[in-house]
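Below you'll find the structure, written out as structure tokens, and then a few comments.
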Amino acid sequence: MKGSRNSLVSLRVFVAASGHLNFSRTAEDLHMTQSAVSKHIQSLELKLGASLFKRTPTGLQLTYAGAIYLENISAALRLIDEADAKVAHPSARVNLNIAVSPSFAQHCLFPHFQEFFDRHPEIRINVRPRLMSPRDRSERFDAEIQLHTGHRSGMSCDYLCGREMCLVAAPMLLARSPLAGIEDLDALPLLKRAQRGYGWDEWKAEMAPDWPGPGRNAPEYEGFSMLLPALMHGLGAAIVPLCIVQPALREGSLVRPFGEAVPGRYGYYLMQPRPLQGGPYLDAFTGWVSELAAALDAPP
């Protein structure tokens, strides 16, 4: 490829096609014809002397060379865009698209977000509430914060917080039904989270193996965004990740009657698509989130 220089248009077409893994959707996204997309990719492959995509029965896949090229080109294009923005529009901000578990956004991210913006007024964050599934496969984000076990194909996963869980309830509920021991739980309404993770079985295996646990018909709440308000209003007791109830514990709206911290399989993870694209603005955000999570994960 001596003496050659690939056009920015071709490079942007390649990056878009790597995200969609479908030339038709890439063409729609870029307002081009499918033939034009194919020609840009063919031109790049000819200059590079390597195939960037391979066709499979389920669609397109990046080749090894394509994955390596994407990692470097994505970072380079981000730097070019940031440089253009700084020079052409000095007052403009850079937008990052972040998918966040609703519970983490509400209880961990938003209460501290202003601190990030004070540090980085040049960065704007587009926050999208998303769970791991169901998901539109065409959606791509610069980073995600998800409740998970930490192993997801095609993504880097860095643990943030949430592996420790505990039993919590509102003081008003415990005033009516005091807890002197595990057996007293049978007198309380015990609430379940509808999704995986932070289940009573995992908690009682550590705390009370012989206790039968809540009944099969115990009420279920869809996500912590529903479960935590129910707990604060005294509707029952439940198992929750310690990191998202730290503020409520400090304020006294929730209490840990047993003072325990039980290790579990699930936690909140910072996820980024592989190959990593990076860039100073994304690095600033991920670094700040890691600092925040370390503080949230500290013992109360």
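Fewest Cβ neighbours within 10 Å first, please rank K39, K54 accordingly.
On the way: K39 14, K54 11.
Starting with the residue having the fewest Cβ neighbours, the order is K54, K39.
Hey, rough spin-label estimate for D186 and E122, points 7 angstrom out along Cα→Cβ, what's it come to in nanometres?
If labels sit at D186 and E122, their model points lie 6.4 nm apart.
Along Cα→Cβ, 7 Å out, is where each label goes; now give me the distance between the ones at E71 and D84 in nm to one decimal.
Distance between label points: 2.6 nm.
With r defined as the distance between the Cβ atoms of E164 and L8 and R0 fixed at 41 Å, what FRET efficiency is calculated, to the nearest 0.05?
On the way: r = 47 Å, r/R0 = 1.16.
FRET efficiency, E164 to L8: 0.30.
Are there cysteines in the chain with no second cysteine's Cβ under 4.7 Å away, and if so, which?
C108, C157, C166
Would you mind putting 278-285, 17-24 in packing order, based on average other-beta-carbon counts within 10 Å, highest first?
Numbers: 278-285: 17.0, 17-24: 19.1.
Top of the packing list down: 17-24, 278-285.
Mean residue ellipticity at 222 nm from the helices of the chain, using -39,500 (n - 2.57) per DSSP H segment of n ≥ 4 over the full residue count, to the nearest 500 deg cm²/dmol? Mind showing how you got there, number by number?
Numbers: 10 runs with 114 residues, N = 300.
After summing the helix terms and dividing by the residues of the chain, the value is -11500 deg cm²/dmol.
Among rounded, prolate and oblate, which fits segment 178-286 when a ≥ b ≥ c are the square roots of the eigenvalues of its C-alpha gyration tensor, a/c under 1.5 means rounded, and a/b larger than b/c means prolate? Show your work: numbers first, answer last.
Numbers: a/c = 2.31, a/b = 1.96, b/c = 1.18.
In terms of gyration-tensor shape, prolate.
So how do L52, L131 line up by other beta-carbon neighbours within 10 Å, fewest first? Write down the numbers at each step before the final one.
On the way: L52 21, L131 15.
Going from sparsest to densest Cβ surroundings: L131, L52.
Ranked from highest to lowest mean number of other Cβ atoms within 10 Å per residue, what is the order of the peptides 208-219, 192-203?
On the way: 208-219: 11.7, 192-203: 17.0.
Per-residue mean Cβ counts within 10 Å order the peptides as 192-203, 208-219.
With +1 on each Lys and Arg Cβ and -1 on each Asp and Glu Cβ, how big is the dipole of the chain about its Cα centre, in debye rounded to the nearest 20? Could you put the intermediate results ahead of the total?
On the way: 30 positive and 30 negative charges, 267 e Å.
Magnitude of the dipole: close to 1280 debye.
Quick one: in the chain, what % of C-alpha pairs are over 29 Å apart? Don't skip to the answer; put the middle values down first.
On the way: 21423 of 44850 pairs.
Counting pairs separated by more than 29 Å, the tail of P(r) holds 48 percent.
Just to be sure I follow the rule: in the chain, considering lysines 8 or more places apart or on different chains, how many pairs have Cα atoms under 26 Å apart? Don't skip to the answer; put the middle values down first.
Numbers: K2/K39; K2/K47; K2/K54; K39/K47; K39/K54; K192/K204.
Number of lysine pairs found: 6.
Report the extension gain between E28 and S43 in nm, rounded to one decimal, defined as 0.36 nm multiplied by the number of residues separating them, less their alpha carbon distance.
Details: separation 15, 0.36 × 15 = 5.40 nm, distance 1.99 nm.
3.4 nm is the gain from fully extending E28 to S43.
Going by how many other Cβ atoms sit within 10 Å of their own, how do S35, S153 line up, fewest first? Kindly include the intermediate steps, with their values, before the conclusion.
Working: S35 10, S153 5.
Arranged by neighbour count, lowest to highest, S35, S153 become S153, S35.
Between Q114 and A36, how many nm apart are label points set 7 Å from Cα along the C-beta direction?
It is 4.6 nm.
Going highest first, how would you order 116-123, 41-48 by mean Cβ packing within 10 Å?
Numbers: 116-123: 13.5, 41-48: 15.8.
Ranking the peptides 116-123, 41-48 by packing returns 41-48, 116-123.
If I require 27 Å or longer along the helix axis, counting alpha carbons, and a Kyte-Doolittle average no lower than -0.5, what helices from the chain are left? Use full DSSP H segments.
Long hydrophobic helices here: 64-88.
Readers should treat all values here as calculations from the given coordinates under stated rules, not as data from a laboratory. It should be emphasised that the depicted structure is a prediction, and the values quoted were computed from it without experimental measurement. Note that each Cβ is placed from the backbone with ideal geometry, even for glycine, and that neighbours are counted across all protein chains shown.
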